[in-house]
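The values are calculated or read from the model by the stated rules, or taken from the named source; none is laboratory data. All of these numbers come straight from a predicted model, not from anything done at the bench. Glycine also receives a Cβ, built like all others from the backbone with ideal geometry; neighbour counts cover every protein chain displayed. Ligands, DNA and RNA are excluded from the accessible area calculation, which covers all protein heavy atoms including side chains. Shrake-Rupley method; radii C 1.70, N 1.55, O 1.52, S 1.80 Å.
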Amino acid sequence: MTTNGHSETVFRLDERKAGSHATHSTYTLGIDGMSCASCVGRVEKAIRAVPGVAEVSVNLATERAQVVFGADQVNITGVADAISQAGYEPRVETLQLAVRGMNCGSCVSRVEGALRDVPGVLEATANLAAEAATLRVIPGAVTNADLIDALERSGYEADVRRDTGADRHQQHEAVRDQEAHRLKRAVGIAAVFTVPIVILDMGGHFIPAMHHLLQQTIGQQNLFYLFFVLASIVQFGPGLRFYRLGWPALVRGYPDMNSLVMLGTSAAWGYSVVATFLPQVLPAGTVHVYFEASAVIITLILMGRYLEAIAKGRTGEAIKRLLSLQAKTARVIREGQEMEIGVDEVVVGDVVVVRPGEKIPVDGEVVDGSTYIDEAMITGEPIPVFKEHGAEVIGGTINKTGSLRFRATKVGADTLLAQIVRMVEQAQGAKLPIQALVDRFTNYFVPVVIAIAVLTVGVWLTVGPAPALTFALVNAVAVLIIACPCAMGLATPTSIMVGTGKAAELGVLFRKGEALQSLRNAEIIALDKTGTLTLGRPELTDFETDHGLDTTEVLGLIASAEQRSEHPIAQAVVSGARARGAALTECDAFEAQPGRGITARVNGHFVYVGSRRYMEELGLRTETFMSTVERLSDEGKTPLYAAIDGQLAAVVAVADPIKASTPAAIEALHHEGLRVAMITGDNHRTAQAIARKLGIDDVVAEVLPAGKVDAVKRLQQSGRVAFVGDGINDAPALAQADVGLAIGTGTDIAIESADVVLMSGDLRNVPNAIALSRATIRNIKQNLFWAFAYNTSLIPVAAGVLYPAMGILLSPIFAAVAMAASSVCVLSNALRLKRFQPPMVVDADTDRAPGEGVPRAA
């Protein structure tokens, strides 16, 4: 796939809302030419006017527009046209297709016509001699399969000529690098011609000897001519970009940042031209030149744009790091032969071979071999995980020790790594509620600034001291230059980009950018017990027999009876017995008593296992083990009685072990000032025992799976609730909560219902996510304070309000320095989030069950 340098990775999603048959399609387009928050408002307004558009969100930092179309109303070409008509450029991609079957000129026309009819294709040109077609398309609006299918319907065969260079994300980075290079070159040229003006003009003002020398050798008028030449080169060389972007915006009635710079520097340069060549038309005492102001302003603003471009590139480093995890090639077995192919050529069902030290290219299931795999870059778990036959492997992780073969189950955009990138991109492109006020403000900001500049001229000409025209010009230029909508436009999205990127590094994925703000406001953390607080797998914890009985023999009889049961508790007893060395044999006459227990015959012995009520129904007295059972219940364990041949023989206790990371995580949540609640189906006694052990504040016990939503609603009456769960039955509760956090090791349904995904099963990432949410919103508020305080305080100063009382005026050159610095300061502050230190370090695989992740003994 070749590009023209303006390409963008774009995601297309089909979302079917619950309870509705309407399908909404979401597209993300790259946009060039946006420079400030007012640009965002204009682009959104233009796109929103396109028929079929249901929602639109434009992000200045990512330079993308996310567009949601209604059912069967996709008009991506119309959106591209609207962006162009608004004065901006939608990013396009150039594709090349190898076309077979063309043999005359009419074939060329037919191929071009078929391709142009595909929605999203802007231009198509076929070449008969090269047997190829070149297309310009909107990335993401059309797939390779759409193009190939269109040609096949017309009677031609085709395939995509694949680019061997960087992928589209890397190409977008290349575009940014090129823009940074152009800005650097523009700054260099502007500086070369500006520095002489500054030295000669400022030197003449501050060094009397230099002033006399210049007057005697060159002369004042000749200096004006020299300044005119040098400043004009800067104005219409490096400064021409402000005219190209600012003038069309001004003509359309939607002035932007470029319009302000264009007006301010043109006023200073134009006045100086008149003072140089037509001084007689100016009032006496007002013949001054400001060539140094126009040149220095352009140079400084270009310098600020260059530094801003560098900083913008750094905000997207998290995505680049994620993409760097992707393997470039894969070794597959086809027709009995091992061959190396591009990772994008792997298809579901391929058997992939991976050797020690290599990356897993796609997601799959191990069919042969065993190894340890480092999944830290995906889950945040630092200890390699053992994989053998039947285990799942994740694309982008690293094979450490052994060789293995696995069958590809997910490829391309369906892999976990691709989904992570997609979630991070979508979160970075989101707008937080806090941004709404900024958007409303910036829509009117630039026109208001221009109005203030005009008012400044009028006031100074009316009541200003002599030379009034000079004062009016200088202060109006300062007003135009000091205003900086860029800082306001970048304040929120840059922090979101860096914050969500940092979260991804920690193994926390914000599926919705809005969760960054809502998670910060959570007051109650509601935790599902099974699989969240606990490992989600019951284990045999205690076993006590009556006096005189052989412990191992009794345990073997009980486990032999339980092995016919599919109940999780029964399976826990069987596994625990085997681990303790008990011998198991086949049983017969097995019968399950729902809600009570089981009966079986093992080696001629009748074995009964179940509840106290079941034992009493059998006529057995349970007082012998009463103190033991009470102790086990108080510890949060589930006790079972066992009888053999009509005699009460033992008590067995099973519990779902609490994750090793859980106590510290709950302590950290309390430290953040949050209440912690547990929602469980356990009885009150067991639930209270677990709560006491962990220090949980509120317990909602004996909750059926369908009742979790009501439990969350009851908690919401006391405050904003963040719910953490992992199972299918947690999905409704995750959706009901103010913020839903899904454990990444849980089900896909739970993850789809959540706002935040914790890639590992470690609960310590919950306080980490909350702390990062608070740090990000705090960073955004700092940026907004800086941007608003800067503009609201310095614009009046630039207009000259301090002059009557204090004699203070703001130089246009200082205004340019301040304006350039404001955007750089906002970006630099956002980048501080990269140094965020989570309150809890997930530094060990503490939540793995005993024996999990290590090879079993032969």
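Somewhere in region 391-403, is a residue at pLDDT below 80 and either touching a helix residue (DSSP H, G or I) at 6+ places or on another chain (Cβ under 9 Å) or of a type in the set (D, E, K, R) (or both)? The answer is no, given that none of the residues of region 391-403 is at pLDDT below 80 and either touching a helix residue (DSSP H, G or I) at 6+ places or on another chain (Cβ under 9 Å) or of a type in the set (D, E, K, R) (or both). Among the residues making up region 662-689, a single one is in contact with a strand residue (DSSP E or B) (Cβ under 7 Å, 6 or more places away or on another chain) and among the basic types (K, R): R675. Among the candidates R601, R537, R578, single out the residue that is open to solvent by 20 Å² or more (accessible area, probe 1.4 Å), assigned to a helix (DSSP H, G or I) and not β-branched (V, I, T). Sole residue among the options that is open to solvent by 20 Å² or more (accessible area, probe 1.4 Å), assigned to a helix (DSSP H, G or I) and not β-branched (V, I, T): R578.
Table: residues versus (1) among the charged types (D, E, K, R); (2) open to solvent by 20 Å² or more (accessible area, probe 1.4 Å); (3) within 29 Å of V498 (Cα to Cα).
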site: T329; (1), (2), (3): no, yes, no
site: R334; (1), (2), (3): yes, yes, no
site: F386; (1), (2), (3): no, yes, no
site: I398; (1), (2), (3): no, yes, yes
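Restricting attention to region 71-83 and to residues that are touching a Gly at 6+ places or on another chain (Cβ under 6 Å) and outside any helix (DSSP H, G or I), the residue that is least open to solvent (accessible area, probe 1.4 Å) turns out to be N75. Residues considered: A141, A98, A130. Of these, the only one that is open to solvent by 30 Å² or more (accessible area, probe 1.4 Å), modelled with pLDDT under 85 and of a type in the set (A, V, I, L, M, F, W, C) is A130. Regarding region 456-467, can at least one residue be identified that is open to solvent by less than 30 Å² (accessible area, probe 1.4 Å) and at positive phi? For region 456-467, residues open to solvent by less than 30 Å² (accessible area, probe 1.4 Å) and at positive phi: absent.
Return a yes/no flag: does region 115-124 have any residue that is among the small types (G, A, S) and open to solvent by 10 Å² or more (accessible area, probe 1.4 Å). No, there is no match, as no residue in region 115-124 is among the small types (G, A, S) and open to solvent by 10 Å² or more (accessible area, probe 1.4 Å).
Please verify whether D656 is under 39 Å from the mean Cα position of the chain (by Cα) and surrounded by 22 or more Cβ atoms within 10 Å (Cβ to Cβ), treating the condition exactly as stated.
On the way: under 39 Å from the mean Cα position of the chain (by Cα): yes; surrounded by 22 or more Cβ atoms within 10 Å (Cβ to Cβ): yes.
It is true that D656 is under 39 Å from the mean Cα position of the chain (by Cα) and surrounded by 22 or more Cβ atoms within 10 Å (Cβ to Cβ).
As a summary of the residue check, L620 satisfies the conditions (1) open to solvent by 50 Å² or more (accessible area, probe 1.4 Å); (2) over 30 Å from V709 (Cβ atoms); (3) not in a strand (DSSP E or B) except for the one numbered (1).
Based on this model, can you work out whether K693 counts as outside any strand (DSSP E or B), among the basic types (K, R) and closer than 22 Å to G740 by Cα?
It is false that K693 is outside any strand (DSSP E or B), among the basic types (K, R) and closer than 22 Å to G740 by Cα.
Among the conditions (1) closer than 30 Å to A742 by Cα; (2) surrounded by fewer than 22 Cβ atoms within 10 Å (Cβ to Cβ); (3) hydroxyl-bearing (S, T, Y); (4) at pLDDT 80 or above, T846 misses just one, which is (4). Checked against the criterion of being under 19 Å from A816 (Cβ atoms), open to solvent by less than 10 Å² (accessible area, probe 1.4 Å) and not hydrophobic (A, V, I, L, M, F, W, C), region 496-507 has no qualifying residue. Search region 659-676 for residues being small (G, A, S) and surrounded by 20 or more Cβ atoms within 10 Å (Cβ to Cβ), and hand back the single one that is farthest from R612 (Cα to Cα). Here the residue is A668.
Taken over region 581-598, the criterion of being part of a strand (DSSP E or B), of a type in the set (D, E, K, R) and at pLDDT below 85 is satisfied by D588 alone. Looking only at region 14-62, residues that are open to solvent by less than 20 Å² (accessible area, probe 1.4 Å), among the β-branched types (V, I, T), more than 21 Å from the chain's Cα centre (by Cα) and at pLDDT below 80 come to 0 in all.
If we keep just the residues of region 604-617 that are aromatic (F, W, Y) and out of contact with any Asp or Glu (no Cβ under 6 Å at 6 or more places or on another chain), which is surrounded by the most Cβ atoms within 10 Å (Cβ to Cβ)? Taking the candidates together, the pick is Y608. When region 598-656 is filtered for residues that are more than 19 Å from R685 (Cα to Cα) and of a type in the set (K, R), the ones remaining, listed by number, are R601, R621.
Every residue in region 188-224 that is open to solvent by less than 50 Å² (accessible area, probe 1.4 Å), of a type in the set (V, I, T) and either closer than 21 Å to P279 by Cα or touching a strand residue (DSSP E or B) at 6+ places or on another chain (Cβ under 6 Å) (or both), please. Scanning region 188-224 gives a single hit, I197.
Quick check on my filter: what residues within region 509-521 are small (G, A, S) and open to solvent by 10 Å² or more (accessible area, probe 1.4 Å)? The one that is small (G, A, S) and open to solvent by 10 Å² or more (accessible area, probe 1.4 Å): S518. For the residues I319, I333, the requirement of being closer than 19 Å to E505 by Cα, among the β-branched types (V, I, T) and either within 27 Å of the chain's Cα centre (by Cα) or at pLDDT 85 or above (or both) singles out I319. Are any of the residues in region 634-646 touching a Phe, Trp or Tyr at 6+ places or on another chain (Cβ under 6 Å) and either surrounded by fewer than 20 Cβ atoms within 10 Å (Cβ to Cβ) or at positive phi (or both)? Yes: region 634-646 contains one or more residues that are touching a Phe, Trp or Tyr at 6+ places or on another chain (Cβ under 6 Å) and either surrounded by fewer than 20 Cβ atoms within 10 Å (Cβ to Cβ) or at positive phi (or both). Considering only region 225-256, state which residues are farther than 20 Å from V449 by Cβ, open to solvent by less than 70 Å² (accessible area, probe 1.4 Å) and without any contact (Cβ under 8 Å) to a residue 12 or more places away in the chain. L240, the sole residue that qualifies.
Taking region 337-368 as the range and being open to solvent by less than 30 Å² (accessible area, probe 1.4 Å) and either part of a strand (DSSP E or B) or on the phi > 0 side of the Ramachandran plot (or both) as the test, the residues that pass are I341, G342, V352, V353, V354, D363, G364, V366. Quick check, is I525 open to solvent by less than 10 Å² (accessible area, probe 1.4 Å) and at pLDDT below 85? Here the answer is no, as I525 does not meet what is asked. Answer with yes or no whether I813 is part of a helix (DSSP H, G or I) and under 21 Å from T492 (Cβ atoms). Spelling it out, it is not the case that I813 is part of a helix (DSSP H, G or I) and under 21 Å from T492 (Cβ atoms).
Across region 693-708, the qualifying residues are those that are open to solvent by 40 Å² or more (accessible area, probe 1.4 Å) and modelled with pLDDT under 90, and the one among them that is farthest from T534 (Cα to Cα) is A706. Any chance region 709-721 includes a residue that's within 26 Å of A577 (Cα to Cα), open to solvent by 10 Å² or more (accessible area, probe 1.4 Å) and not in a helix (DSSP H, G or I)? Checked against the condition, which is being within 26 Å of A577 (Cα to Cα), open to solvent by 10 Å² or more (accessible area, probe 1.4 Å) and not in a helix (DSSP H, G or I), region 709-721 yields no hits at all.
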